[in-house]
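Undergrad: Quick one: the structure is below, questions incoming.
The values are calculated or read from the model by the stated rules, or taken from the named source; none is laboratory data. Since we're looking at a predicted model, the values are computed, not measured. Here the Cβ is made from the backbone with ideal geometry for all residues, glycine too, and neighbour counts use every protein chain on show. Side chains included, ligands, DNA and RNA excluded: accessible areas come from the protein's heavy atoms. Shrake-Rupley method; radii C 1.70, N 1.55, O 1.52, S 1.80 Å.
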Amino acid sequence: MISKCLFPAAGYGTRFLPATKAVPKEMLPILTKPLLQYGVEEAISAGIKNMAIVTGRGKRSIEDHFDNSFELESQLSGTSKEHYLYEIKDVIEKATFTYVRQQEMLGLGHAILTGEPLIGNEPFAVILADDLCDCDNAGVLQQMIEIYKKYECSIVAIEEVPNSEVHKYGIVECKAINNSEDIFHVTNMIEKPSPKNSPSNMAIIGRYILTPDIFNILRKISPDHSSEIQITDALLAQAKSGNVIAYKFKGKRFDCGDVNGYVKATNFFARKEGII
Ligand code: UTP
């Protein structure tokens with residue numbers, strides 16, 4: 001039903017400079033695995049096989065990562081280190097990867113529109129790899145696909161955040177569907193409101209399922225005061241016709257686009273793996 005996942009990965013990663021000067025933020029590792037690989041594995045476990053990645057200048061290592069490396073493979077073949085390659089080889093075998101380059105970094109909405117030729121006219125998933133999620137059972141995307149099967153409209157994953165942090169997120173105003181505790185109809189949304197003007201503390205995190213009409217809406221959206229085209233504005237247009245659901249996912253999320261969240265994620269996964 002959802003066969004493609006789009007990964008916007010063209011941003012500058014300014015908050016991680018100097019690390020991100022020559023290394024894409026999405027390639028920063030948590031333990032031994034780049035953030036983007038966690039995202040791709042989440043999509044694969046949700047049954048998705050086509051990964052569509054929006055890259056930009058200086059991001060070629062992303063393409064190399066999801067490709068064979070004959071020199072490395074022949075060097076390690078038959079040695080005691082061969083097993084180090086198994087995990088990434090498995091990912092490469094289970095999915096196909098297509099790429100498009102965003103020529104100007106004009107925001108997340110623009111990055112998603114740049115991915116249109118890779119997606120076409122079908123509903124699709126979006127993962128922002130710097131939001132790293134860990135779930136006990138089904139991954140966030142798999143949980144969202146189950147909801148999509150019933151409602152067949154755009155879905156955003158949400159999380160409650162402290163009031164002091166609403167200015168970092170797209171915030172939704174919503175109504176519970178049939179008194180549900182985790183599925184809501186979105187009635188309004190605001191990008192990065194001040195705590196005073198925020199309609200709630202329900203923040204959109206980096207997981208979406210979008211219906212393809214989003215592309216035509218995005219084409220008409222004007223850049224905001226920081227010259228970025230915001231996905232929140234396009235989703236608001238869909239929400240006004242009652243076509244956006246917010247889903248409070250089950251699991252943990254780490255904002256790895258920020259040093260604080262990145263360190264927390266590293267500690268969490270190190271503990272989970274029994275390293276510390
Ligand atoms: P962020 O705003 O978190 O990423 O965008 P950023 O711009 O790289 O980070 P800072 O603020 O400079 O530190 C969320 C996601 O959207 C992608 C980013 O790569 C990231 O995965 N993005 C953002 C694009 O692909 N293109 C853009 O123009 C902006």
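Undergrad: Any chance you could count how many residues in region 83-106 are open to solvent by less than 100 Å² (accessible area, probe 1.4 Å), more than 19 Å from PRO34 (Cα to Cα) and not in a strand (DSSP E or B)?
TA: So the count comes out to 3.
Undergrad: Collect the residues in region 119-167 that are within 15 Å of the ligand (Cβ to nearest atom), under 16 Å from the mean Cα position of the chain (by Cα) and outside any strand (DSSP E or B), keeping them in residue-number order.
TA: Those that are within 15 Å of the ligand (Cβ to nearest atom), under 16 Å from the mean Cα position of the chain (by Cα) and outside any strand (DSSP E or B): ILE119, LEU128, ALA129, ASP130.
Undergrad: While we're on this one: Somewhere in region 59-76, is a residue touching a residue at least 40 places away in the same chain (Cβ under 8 Å), under 16 Å from VAL91 (Cα atoms) and either assigned to a helix (DSSP H, G or I) or within 16 Å of the ligand (Cβ to nearest atom) (or both)?
TA: Within region 59-76, the subset touching a residue at least 40 places away in the same chain (Cβ under 8 Å) is 59, 62.
Remaining after also requiring under 16 Å from VAL91 (Cα atoms): 62.
Right, trim to either assigned to a helix (DSSP H, G or I) or within 16 Å of the ligand (Cβ to nearest atom) (or both) and you get 62.
Within region 59-76 (the criterion being touching a residue at least 40 places away in the same chain (Cβ under 8 Å), under 16 Å from VAL91 (Cα atoms) and either assigned to a helix (DSSP H, G or I) or within 16 Å of the ligand (Cβ to nearest atom) (or both)), the answer is yes, since at least one residue qualifies.
Undergrad: What are the residues in region 231-256 that are touching a residue at least 40 places away in the same chain (Cβ under 8 Å), assigned to a loop (DSSP other than H, G, I, E, B) and open to solvent by 30 Å² or more (accessible area, probe 1.4 Å), if any? Lay out the reasoning, then the answer.
TA: Initial filter on region 231-256 (touching a residue at least 40 places away in the same chain (Cβ under 8 Å)): 231-236, 238-239, 242-256.
Filter once more, so that each one left must be assigned to a loop (DSSP other than H, G, I, E, B): 242-243, 249-251, 256.
GLY242, ASN243, LYS250, GLY251 - these are the residues of region 231-256 that are touching a residue at least 40 places away in the same chain (Cβ under 8 Å), assigned to a loop (DSSP other than H, G, I, E, B) and open to solvent by 30 Å² or more (accessible area, probe 1.4 Å).
Undergrad: Answer with yes or no whether LEU118 is of a type outside the set (D, E, K, R) and closer than 21 Å to SER3 by Cα. Outline the logic, then answer.
TA: Numbers: of a type outside the set (D, E, K, R): yes; closer than 21 Å to SER3 by Cα: yes.
Considered against the rule, which asks whether it is of a type outside the set (D, E, K, R) and closer than 21 Å to SER3 by Cα, LEU118 comes out as yes.
Undergrad: Report whether or not ILE30 is under 15 Å from the mean Cα position of the chain (by Cα), surrounded by 13 or more Cβ atoms within 10 Å (Cβ to Cβ), within 16 Å of the ligand (Cβ to nearest atom) and at negative phi. I'd like the intermediate steps shown before the answer.
TA: Values: under 15 Å from the mean Cα position of the chain (by Cα): no; surrounded by 13 or more Cβ atoms within 10 Å (Cβ to Cβ): yes; within 16 Å of the ligand (Cβ to nearest atom): yes; at negative phi: yes.
No; evaluated as a whole, the condition is false for this residue.
Undergrad: Continuing with this model, one more query. Among the candidates GLU181, GLU173, single out the residue that is in contact with a Lys or Arg (Cβ under 8 Å, 6 or more places away or on another chain), farther than 28 Å from PRO29 by Cβ, open to solvent by 20 Å² or more (accessible area, probe 1.4 Å) and not in a helix (DSSP H, G or I). Reasoning before the result, please.
TA: Numbers: GLU173 fails: in contact with a Lys or Arg (Cβ under 8 Å, 6 or more places away or on another chain).
Only one candidate qualifies: GLU181.
Undergrad: For region 171-189, check the following and say yes or no: at least one residue is under 22 Å from SER222 (Cβ atoms) and in contact with a Gly (Cβ under 8 Å, 6 or more places away or on another chain).
TA: Checked region 171-189: at least one residue is under 22 Å from SER222 (Cβ atoms) and in contact with a Gly (Cβ under 8 Å, 6 or more places away or on another chain).
Undergrad: So, of the residues in region 177-195 that are under 24 Å from the mean Cα position of the chain (by Cα) and aliphatic (A, V, I, L, M), which turns out to be nearest to LYS150 (Cα to Cα)?
TA: Per the stated criteria, the residue is ILE183.
Undergrad: I'd like to know if region 35-56 contains one or more residues that are closer than 23 Å to GLU104 by Cβ, open to solvent by 40 Å² or more (accessible area, probe 1.4 Å) and either more than 16 Å from the ligand (Cβ to nearest atom) or in contact (Cβ under 8 Å) with a residue 24 or more places away in the chain (or both).
TA: No, region 35-56 has no match at all.
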